[in-house]
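Asks: Take this structure, written in structure tokens, and hold onto it; I'll ask about it next.
The values are calculated or read from the model by the stated rules, or taken from the named source; none is laboratory data. Nothing here was measured: the structure is a model prediction, and the numbers come from that model. For neighbour counting, all protein chains shown are included, and Cβ atoms are generated from backbone atoms with ideal geometry for every residue, glycine included. Please note that ligands, DNA and RNA were not included when accessible areas were found on the heavy atoms of the full protein model with its side chains. Shrake-Rupley method; radii C 1.70, N 1.55, O 1.52, S 1.80 Å.
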Amino acid sequence: MKHLRSVLVAAVACLAAAAVVRAADTKVIANESVTASSISAEELKGVFLATKSVLSDGSHVEPVLQKGGATHEAFLKDYLGKTDAALSTYYRSLVFTGKASMPKTVGSDAEVAAYVAKTKGAIGYVSAGAATSGVKTMDVK
Amino acid sequence: MHSRVKTFALLAVACVTPTLYGQFDFTMAGRKVQIHSFGSQGFAYSDENNFLSMKTSSGSFSMTDFGANVSSQLTDKFRVGAQIYDRNVGKLGNWEPQLDWAVADYRFKDWFGIRGGKVKTSLGLYNDTQDLTFLYPWALMPQSVYPVDSRGDTIAHIGADLYGNISLKNAGSLAYTAYGGQRPSDKGSGMVYGLQTSSLVNGNFIVAIGKKIDSYGGPVYGADLRWTTPLKGLLVGASYAHLDVDTHGSYLSNKLPYLLTSQDKTIASYVQYTLGNFNFAGEYRKENRFNYFNTASGAAASNSQNARLGFVSASYRISKRLEVGSYHSRIVPNWLANHGDPKNHIFDQAITTRIDLTNYLDFKIEGHFMDGADIDSTMSRGFFAASNPGGIKPQMKMLVLRLGFHM
């Protein structure tokens, strides 16, 4: 019984560590016009699901997504809880019923960083090691 | 001939779609503008009966629809957009293009916004997206709840929505919509087709007594509440809709004016759960409808329906290009009568395979195993007396193929 408990504890610890590593694979960046330096996971989810356009500090934000890739998949899984296909379906259901516009989508970390740097209120995600000059990195709480 | 030309034109558009970019964005007067479109071409073949006013018993391609929208975010809080929709399904739609929605949307806060114009109606899980079959694995949405022939009855209202999204912190979030307005007249609907081609006499719809329908519409109001729960992937919700409909016309035989006044109250509850590539959904509705009308002899008459309807569905995406699924859909138009009477129920078991040929082009193969065939021109579900002059068989199987695009 003790052995089983140890295995369970180890398994939970491994899963928790894996989750931390996945979340650490990406970083959230924002245009310098966004005054907040941190964002809650709940706010982040709202921004990328088009239910939230204003952060708690009053900054208006606009999401930028990547078209695909490991960073994109990790971000969707860690923060939105949706697959890429499910997210596409979700956005299309809004766009074709007049409830939202399709968000900006670009192809790489560099393109996200460039778009965020030049676009007021833009908020996006890149891999943790990506170069991101001219933007601010936000803490996700 | 005219319909065939349009059908082939749509197929041609669908075939060149893979060469196009997924959406069309441009800037006009400093504002970003987006254009999107979708369309589909279907084929249906049934071993018995003619479904949805198509000649499905001999195989029918008369199942085509198309939509296109343009929208722009004018300011951080203000958006405008509009969509046209056109369809031809058997005797329904008749290629008459409709303004599907046209909205001006001002979001004061994330928890409070107003959208006005012609607005898609929030009712149940899929009412506002029921035409957008590219969103789903199904070639035909569950017809008990989202009937192709009656889509115009609830699809949109000319009026306004109050809407918002409220964070419940650790308890998830709550999205609400409250709406009111006028239901637009849809003269290409199944209800109008049913009323034009038959009349209720002593509980039976008689094809020989037809009518000319001049107008059909009325006020509608309701609300929808959907809770994104803290359990990842689980959404639950409830809706209420109240519709008053006045139908004006005249009997063909003696030109006597015809007036049908209907009151319809619908309560819906629904659930959706997504776990990775699995998707489960279900919806249950209680719909009460009271009809007051005059017969061909001028006598006042009435009838009522106390219906129960719903579906459960499950689907699984096997790969990026392949998804399979099944649903069970059922309606009992008169809950107080014998549910076993084939004229008082439709049970539909569907199995489907969706193949995503590209990111913008999908093809579906779907089998339906239907039991029961309610014929009712005021709560129609695809079975019309005029389309089935030899009578309705209580059971049928149907194959539906559908090729669709969206961009």
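Residue by residue, here is whether (1) open to solvent by 20 Å² or more (accessible area, probe 1.4 Å); (2) modelled with pLDDT under 90; (3) farther than 16 Å from B:Gly382 by Cβ holds:
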residue: B:Ser185; (1), (2), (3): yes, yes, yes
residue: B:Ser199; (1), (2), (3): no, yes, yes
residue: B:Gly203; (1), (2), (3): yes, yes, yes
residue: B:Ile206; (1), (2), (3): yes, yes, yes
residue: B:Lys212; (1), (2), (3): yes, no, yes
residue: B:Tyr216; (1), (2), (3): no, yes, yes
residue: B:Pro219; (1), (2), (3): yes, no, yes
residue: B:Ala223; (1), (2), (3): yes, no, yes
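Asks: Sort out which residues of the stretch B:128-160 are within 21 Å of B:Ser46 (Cβ to Cβ), in contact (Cβ under 8 Å) with a residue 60 or more places away in the chain and not in a loop (DSSP other than H, G, I, E, B), and write them in order of number.
Replies: Of everything in the stretch B:128-160, just one residue is within 21 Å of B:Ser46 (Cβ to Cβ), in contact (Cβ under 8 Å) with a residue 60 or more places away in the chain and not in a loop (DSSP other than H, G, I, E, B), namely B:Thr133.
Asks: Name, by its number, the condition in (1) buried (at least 22 other Cβ atoms within 10 Å of the Cβ); (2) touching a residue at least 60 places away in the same chain (Cβ under 8 Å) that does not hold for B:Lys397.
Replies: It is condition (1) that B:Lys397 fails.
Asks: Shifting gears a bit: Look at the stretch B:75-105 and say how many of its residues are over 19 Å from the mean Cα position of the chain (by Cα) and within 11 Å of chain A (Cβ to nearest Cβ).
Replies: 9
Asks: Among the strands (runs of 3 or more DSSP E) lying completely within the stretch A:33-141, list those that include at least 2 residues that are within 30 Å of B:Gly39 (Cβ to Cβ).
Replies: A:62-66, A:104-106
Asks: Suppose the filter is of a type in the set (A, V, I, L, M, F, W, C), open to solvent by 20 Å² or more (accessible area, probe 1.4 Å) and at pLDDT below 95; does B:Ile365 pass it?
Replies: So B:Ile365 does not fit the description; no.
Asks: Still on this model: Quick check on my filter: what residues within the stretch B:21-64 are under 30 Å from B:Lys397 (Cβ atoms) and among the polar types (S, T, N, Q)?
Replies: Answer for the stretch B:21-64, where residues must be under 30 Å from B:Lys397 (Cβ atoms) and among the polar types (S, T, N, Q): B:Ser40, B:Gln41, B:Ser46, B:Asn49, B:Asn50, B:Ser53, B:Thr56, B:Ser57, B:Ser58, B:Ser60, B:Ser62, B:Thr64.
Asks: Considering only residues that are surrounded by 21 or more Cβ atoms within 10 Å (Cβ to Cβ) and either at the interface with another protein chain (Cβ under 10 Å from one of its Cβ atoms) or modelled with pLDDT under 95 (or both), look in the stretch B:62-74 and name the one that is farthest from the chain's Cα centre (by Cα).
Replies: B:Ser71
Asks: Let me ask something else about it. Residues of the stretch A:92-112 being buried (at least 21 other Cβ atoms within 10 Å of the Cβ), more than 14 Å from chain B (Cβ to nearest Cβ) and not charged (D, E, K, R), which ones?
Replies: Correct list: A:Val112 only.
Asks: Sticking with this structure for a sec: What about B:Arg354, is it closer than 30 Å to B:Val207 by Cα, among the charged types (D, E, K, R), buried (at least 16 other Cβ atoms within 10 Å of the Cβ) and at pLDDT 95 or above?
Replies: No.
Asks: So, in the stretch B:287-306, how many residues would count as being in contact with a Phe, Trp or Tyr (Cβ under 8 Å, 6 or more places away or on another chain) and at pLDDT 95 or above?
Replies: 0
Asks: Would you check which residues across the stretch A:114-126 are open to solvent by 10 Å² or more (accessible area, probe 1.4 Å) and either among the aliphatic types (A, V, I, L, M) or within 12 Å of chain B (Cβ to nearest Cβ) (or both) and list them?
Replies: Passing the criteria: A:Ala114, A:Ala117, A:Thr119, A:Lys120.
Asks: Determine which single condition B:Gly30 fails, assuming it passes every other condition in (1) closer than 30 Å to B:Ser387 by Cβ; (2) more than 12 Å from chain A (Cβ to nearest Cβ).
Replies: (1)
Asks: Separate question: Look at B:Gly391 and say whether it is in a loop (DSSP other than H, G, I, E, B), on the phi > 0 side of the Ramachandran plot and not β-branched (Val, Ile, Thr).
Replies: Considered against the rule, which asks whether it is in a loop (DSSP other than H, G, I, E, B), on the phi > 0 side of the Ramachandran plot and not β-branched (Val, Ile, Thr), B:Gly391 comes out as yes.
Asks: Something else: Suppose we keep only residues that are under 26 Å from B:Phe363 (Cα atoms) and in contact (Cβ under 8 Å) with a residue 60 or more places away in the chain within the stretch B:307-327. Which one would you say is surrounded by the fewest Cβ atoms within 10 Å (Cβ to Cβ)?
Replies: Within the stretch B:307-327, the match that is surrounded by the fewest Cβ atoms within 10 Å (Cβ to Cβ) is B:Val324.
Asks: Right, something else. What number of residues within the stretch B:286-306 satisfy the criterion of being within 18 Å of the chain's Cα centre (by Cα) and open to solvent by 40 Å² or more (accessible area, probe 1.4 Å)?
Replies: 1
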